[in-house]
Structures are given as C-alpha cells and as structure tokens.
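The structure appears below as structure tokens.
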Amino acid sequence: MTVYWVLAGTGVTDGDILRYSAYFSGCVVLPGVLLLRAFAPGRRTWPEDVGLGIVVGLCYELPGWALFTAAGLQQWLVLWPAAVLVVFAAVPRLRRCWRAQDAPRLPLAWGATLSLLMSATLLLNYGTTVSATPVPENGGNYYQDLLWHLGIVHELGRSVPPQIPQVAGETMQYHWFADAHLASAAAIAGIDPRLVLFRLWFAPIIIGLVLAVAALARQVSGAWWTAPLAVALTTVVQRVAIWTYAGGVASSPLVFLSPSQSFGTTVSVGAAALLIGVLYRGAPRRSWVIVLLVVCVSAGSKPTAVPLLLGGTGLAALFLLVRNRRIPWPTVGFGVVLVGVMVASMLTVAGSTAGTPLRLFGVLRAFPGYTALTGDRTVPAPGGWIIEGLRDPDQKTLTWASAILVSAVVSRAVVIVSFLGLVQRRTRTDPVQWWLVGTLIASLLGFVVVDHPGFGEFYFLGGALPFAAVAAGYVVHSAVTGRPRVARRVIIAGGLLTGAALALAIRAFGNIEAPPVSPADITRAVTVPMVWLAAALVVGLLGWLVLRTVRPQVRGLGLGLVMCVALGLALPSRPWPEWRNAADALTGELRQIPIPAVPSFTTDEIQAALWLERNAGRDDVVVTNTACLSRPRPRPACDARGYLVSGVGGHRTLMEGWAYTQQSLANQGEGNVGYNLLPSPWPDRVELTTKALTAPTPDLLETLRRDHGVRWVFADKRAGKVAERTLDRLADRRFTRGQVIVYELRD
C-alpha cells in the first residue's frame, strides 16, 4: 500500500503502477527467486528470498537485455524472464523451487518492523526528492544528471555496446548497468522511459535494498532483531544527530539523483550475502554461479562497489591466514577473481573515472572554508600526493581540516561500533566480522585517498553503510548474548534511548547560536558539539566505573551499553519537520511545480524535444546547438552539460553536452578549468554543428548526412544564432514552437 501511495502521490497513474508492478514482479522478482533457490538454497524466509531474488533477477536481466538488444529484438525481451518460468515449471526437479524450503519461523515483530521501516524509507525518499523532481513535460529547471541518464536509457534501448548519445558513433565508457535495467523496464512494461526514470524505478530498488540488508543481517548474526536494526541504520537514521549545522559527512546508499549508486549498492549487498554464505556459512558450491554473476554486475554498476568487496575479502583472508597459519584458498581465490573483475570493468564499463588521481584529502575541497583558509583556487588536476591547500598548511588550516575529518568519523558512529567488534571475544573470531570491517576500511581509504572531479569519493561511504549497519547489529547482538531476556532488552532499549536523549540535548545546548560564516565559525560549529559529546561520555564512563564497583554483577554489560548509546545518537537524525514535509508533499493535492521566470528549459524547448522523440527514426542523428547548459545568468564559458535533445529528445546527436565523457574528464584542470567548462574534445564536431546552424550549405548538410548519419536539425534560437532563412531553403521545416525549429534533411 505504501508503494502505491507514494507513486500515486507523485502523479503516476494506476495503469502505469499496475504495468510496472507486473513487470517487476514477473520479470525480475520471480525469475530471481527461482534462480536463487536453485543455485543458492538456504534457510530464508520468503521476504528474504524476495530481497536477494530482486538482486539475482536484476543481474539475470542484463545478459538478456544485451542479447536481445544486440539482435534488434528488444520487443521480445519478455521472453528472457519467461524462459526461466517455463523451465522451472516444466522440469520436475525444479518445481520445488516455487516453494520456500525449510523456511524459519520468525516472530511477527520481524515483519512488522521491516514493513514500517520500508514505508518510512519510501516516504522519506519520495516525499523529499522524487516529488520535487518534475517529469520533463513543461519548462523548468531539471537536474542535468537525470537528463543525462535519460539519454543513456534511450541509447541502451537501441545499441550494444552503447554509443555516447551526445557524440554519435563514439563508444560510451560509463558504469551503465543501472540504465540498462531502466531500458529493459521501459521495453518490457511499455512505459515511457521518462516516467520509468523520474518516478517508477526507485521504489522497487528501495524494497530490494531493505530486504537484502535484512537478509544479510540475519544471516550474519543469526538473530531476527538485528535485521530491522541494520535496516534502520542504513536507510532511516544514517548519521549522528548532534549538529544543528551540517557538520560531519552525510552520504546515503539510496540516492534518487544517482541511479548507479542506488542500483549498485543494492546489488553489492546481495553479492555480500551470497558470498558470505558460500565462503563462511556453508552454502553449496553451486552458489558460486550466482555469486560470480552478481559480482560482475556489481562491477558494472558503480566503480566504488568492487573495491569494497575486495577490501572485505582481503581482510578476511589475512585474518584466516594468521589464525589458521595456512592459506585460505577459497577466500584468496575469490580475491584474485575480484581483482580481475575490477581490472576488466575499469577497461570497459567503469567510466567517469578519468581525471581521478589517488591524492590525499581531496574531499576537503567540498567543505566550506577550504578556499578561504588555504587560498587555493586552482582546479584540481592529476599530479601530487596531497591537495594543494595542505602541502604547507598553517595552524588554522590544520585545525579546520582535523575538525572536518574527525567529524566524518564521529558522524558515523555505526562504523565505530563495527570496529569495536574486533575487540569483542565472540565476533573477533568470526571471519565474517573481519570481512565486514574490511569493506569499511576500504570505504574510508577511498574517501580519503580518491580525488574525483565531482567528489565521487562520497559514494564510498554510502556504499559501505549497509555493511557497517550489519556489522554493528552483529556486535550488539554478541555483546548481549547469554544475558537474561530482560537484561538484553534493558541494555538495548536503554542504550538507544540514552543515546537519542544525549543527541537531542547536545543539539539544544551544545551548538553555537549564530550560523557559521567564516572558517573559524565552521570549526567551532563542528567541534563544540563533539566536545560536549566527549564530556558526556567521560561522565558516563566515570558513573559506570562507580556502578560496577558498587554492584559487581553489572560487569560485562558496559561494552554492549556503550555500543547501543553510540547507535542511539543517530535516532533523532531525521527531525519531525522533515517527516511532516515529506508526508505533505505526497498527501497534499498534486501541484504543478512552478516554472521560473528564466528557466533552464522553456516549455517550447521541452515540447520540441518530445516531438522529435516521437517522430525521428530510432537511429537518426541530430545536429543541435543545445550543448551548453542554460542558466538564469549567462556564464563566461559553455557549461557543457546540456542534454535536451539526447535526454528529453531521446536521440543521438552529432555534438551535445560533452562534460561527462571520459575524454573531457581526462582533461580536468587543464588551464585551471573544470571538466564541465573545458572546450569539447571533438572541436571538429563543434565546428560542423556551428556551421550547420549559422552558415549551412548544401555540401555541408550532405556531408553531415553521409558521414555522420544526420537526419535532423534542432535549431534553438534561445541557445544561439540560427540561419533560419537558409535552413528553410535547404531543409524541410517539420516543427516550430516559439524559438525552436526542427528541420528534416532532404534525401
């Protein structure tokens, strides 16, 4: 019901909800669950089977998409999942997979709490982000990355391997597996790709992540209640709530504006559950088939995914080597496979990594105060082992940088709790705990060492959060295991409530009143709440020492209590107004998002692009002058993130926004200019485009048609000069709306 409510609240019709639900249930979930039960059977409840089945189904879908698209048979793609259903219905030995085998009986509270947490996650994400993002139909300001992804979705509906939609004929290098799933969904469900991307895809991915985290948590700890705890720490309460100023570091595993992050994290959690099952929890050897499939898909979904899996596998192998004094060949062998998969993906589908050096503390550029303190106004370019502003820092700069980095650790209390598991007797002997901590070490290293032009290193933290949450639940469970039931409940509930009360008190009394405006103010805004927290913890520690002296029977409860208090600090991280605003956005009467006086895209431009999408041939190439991103105020240089024709129009262009291409990212910092403001790596195409719009000739248009497959000219007078009279003479005017004219070249 919550899924229907949030989708309907964002304007999706009942028919589209029904079609997409039928597609996802019958073509992703059901085949995935059957394959999961056949190749990786285990004692799982049906919701856990659904969670991991979603991951397997998403991964199984991709080879089918590639085969059918390469053959030009996209309209028959539904046969790929249907084949699984037919085989599992026809083969007698496989019919048992239609029923859960030896499923455990879990308390009603397990299902009830997971349902509430899933509903809360859907509410927060759809109410705060999706509902504020209009589907391209009228003029307005559209987030350029979504239009870029829309262009990729269109492209993945017609070619394998895909071309760069903005540079027709050039092979695209990007981790596009999430977009391939969206292209498959649009093809099978028969729904407009705009609606799939801007509304429909996110809800089932949220469901998949919630259930996959729950399955992984119970698999690791063996206790039912660690599942809802891990889910809450992953999707609802994600950071310590002691700051009123945005101190610390926030990064989520679910990001609507980044399909690759959400899709990649969900697949990675499923990969972890399957891998841990086959390595350390006794799953059958045939599970490796599914593990390898899911890992390969994970590599093509997000470049940050495999390094996390590799970090976990490496640390677990080291632990087993030291403990057993012999090489753990299964773990080491899989580590070698991960290295191979990572290298292969870097060479093929892990694009957007160009211009990304390994350099210390590049992430500090994302925080206020860096430029004012260091005076560093340079655009980062490859070279150097540490960012320019910290090569010769003064005391103020060091204090500010240290405060920011320490807050990054403090804000992730769930990570701290996970590391405490290595000093706890029950968990430090389990290679699974070391595996989970290894993913966290890899994420922290990536966050500190990788210097991405667009601060992509933040995705390391979001991708590792589910593993930290699962590890924290396991550690808390181990800390209270063996205690009487009442004592366990008192420790867990009391610790969480104490932590929440402490966070609220620090927010109310331990923050500076004035909003921070200078680097010194920012440093105080970050550090003062941490000082209050440290003081509270010292007082609590002293009180605990006194209590255990007076009452010796409470000894041994301290570590579990501290862990629960640390986790409780995150409980108030979502203030009530955020919940209320999210609900209001979905329950209130659906209102048209107002169009700014000077929008990035006018209604005329959007409607012209949609007309082109409906009327041009599938493989037609378009010449357009919309490569530069329109802004309310003109910029001194072209911001090459314009994706009107390739995104909304859904067609390849001779040259549109080139900012996110590997070729442009590789030139990051050249001439102290960021990648999005650099000139095009294809100056010949820019010249051809300019001439076609401003000084066309019969020979030029014939060259474009013969050599580049150009069939259309999208002339936007708002974007620049257009030789309208000459084009009217040399081509056929097919559509006119406002300042936009669409021409078709003559045969």
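No lab work stands behind these numbers, since they all come straight from the coordinates. None of these values were measured; they are calculated from a predicted model. Because the Cβ atoms are built from the backbone with ideal geometry, glycine has one as well, and the counts that use them run over all protein chains shown.
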Subject >> Rg/Rg_ref, segment 399-466, where Rg_ref = 2.2 N^0.38 Å and atoms are Cα >> reply: 1.22
Subject >> For segment 146-248, the spread of Cα positions along each principal axis, largest first, Å >> reply: 51, 36, 24
Original post:
Taking R0 as 56 Å, what's the FRET efficiency between T736 and L497 from their Cβ-Cβ distance, rounded to 0.05?
Top reply: 0.30
Original post:
Could you name the aspartates and glutamates in cross-link range of K302, using Cα to Cα under 12 Å and dropping any fewer than eight places away on the same chain?
Top reply: D179, E457
Subject >> Cubic angstrom per residue, convex hull over Cα atoms of segment 324-433 >> reply: 186
Original post:
When only C-alpha pairs under 8 Å and at least 6 residues apart count, what is the relative contact order of segment 40-142, in percent?
Top reply: 32
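If you wrap segment 60-143's Cα atoms in a convex hull and average its projection over all directions, what's the area in nm²?
10.4
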Subject >> Rounded to 5, the percent of DSSP beta bridges in segment 603-745 classed as antiparallel >> reply: 65
Original post:
Taking other Cβ within 10 Å of each residue's Cβ, how do D732, D451, D747 sort, fewest first?
Top reply: D747, D732, D451
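With only alpha-carbon atoms in the gyration tensor, what are the semi-axes of the equivalent ellipsoid for segment 391-518, in Å, largest first?
Its equivalent ellipsoid spans semi-axes of 31, 23, 12 Å.
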Subject >> Cβ-based exposure ranking for V130, V213, V673, V538, in which fewest neighbours within 10 Å come first >> reply: V538, V673, V130, V213
**OP:** Give the distance, in whole Å, between the Cα centre of segment 12-33 and the Cα centre of segment 75-102.
**Re:** 17
Original post:
Based on the Cα coordinates of segment 603-745, what is the per residue volume of their convex hull in Å³?
Top reply: 106
Subject >> Nearby lysines by direct alpha-carbon distance to K691 (threshold 19 angstrom, same-chain neighbours under 8 apart not counted) >> reply: K717, K721
**OP:** Report the charge-dipole magnitude of segment 77-159 in Debye, nearest 20, computed about the Cα centre from +1 at each Lys and Arg Cβ and -1 at each Asp and Glu Cβ.
**Re:** 680
Subject >> For segment 603-745, size of Cβ-based charge dipole, Lys and Arg +1, Asp and Glu -1, in debye >> reply: 360
Original post:
What does the charge add up to near T397, with Lys and Arg as +1, Asp and Glu as -1, over the other residues with Cβ less than 12 Å from its Cβ?
Top reply: -2
Original post:
What is the antiparallel percent of DSSP beta bridges lying wholly in the chain, to the nearest 5?
Top reply: 70
Subject >> Full-stretch length increase - R426, R705 - with 0.36 nm per residue and alpha-carbon distance subtracted >> reply: 93.5 nm
Original post:
Distance from the Cα centre of segment 420-450 to that of segment 291-360, in angstrom?
Top reply: 15
**OP:** Among V291, T356, I188, pick out the residue whose Cα is farthest towards the positive end of the charge dipole of the chain, where Lys and Arg carry +1 and Asp and Glu carry -1 on C-beta, about the Cα centre.
**Re:** V291
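Relative contact order for segment 603-745 using alpha-carbon pairs under 8 Å, separation at least 6, rounded to a whole percent?
27
Would you compute, from DSSP H runs of 4+ residues alone, the mean residue ellipticity of the chain at 222 nm, taking -39500 (n - 2.57) per run and dividing by the full residue count, rounded to the nearest 500?
-18000 deg cm²/dmol
Let me check against my output: what whole-number percent is the relative contact order of the chain, with C-alpha pairs under 8 Å and at least 6 apart?
Value for the chain: 17 percent.
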**OP:** Using R₀ = 30 Å, calculate the FRET efficiency as 1/(1 + (r/R₀)^6) where r is the Cβ-Cβ separation of M346 and T378; round to 0.05.
**Re:** 0.65
**OP:** First select every other residue whose beta carbon is under 10 angstrom from the beta carbon of I512; then total the charges, Lys and Arg +1, Asp and Glu -1.
**Re:** -1
**OP:** May I ask you to compute the full-extension gain from A505 to T13, defined as 0.36 nm times their residue separation minus their alpha-carbon distance, rounded to one decimal in nm?
**Re:** 172.6 nm
Original post:
What's the exposure ranking of C27, C628, going from fewest to most Cβ atoms within 10 Å?
Top reply: C628, C27
Original post:
Given the chain, what whole percent of its Cα pairs are spread farther than 42 Å?
Top reply: 31
Original post:
What distance in nm separates the simple spin-label points at L358 and D521, each placed 7 Å from Cα in the Cβ direction?
Top reply: 4.0
Subject >> Charged-residue dipole, Cβ positions (Lys, Arg, Asp, Glu), the chain about Cα centre, Debye nearest 20 >> reply: 3040
**OP:** Between beta-carbons, use under 13 Å as the cut-off and find the net charge around D16, counting Lys and Arg +1, Asp and Glu -1.
**Re:** +1
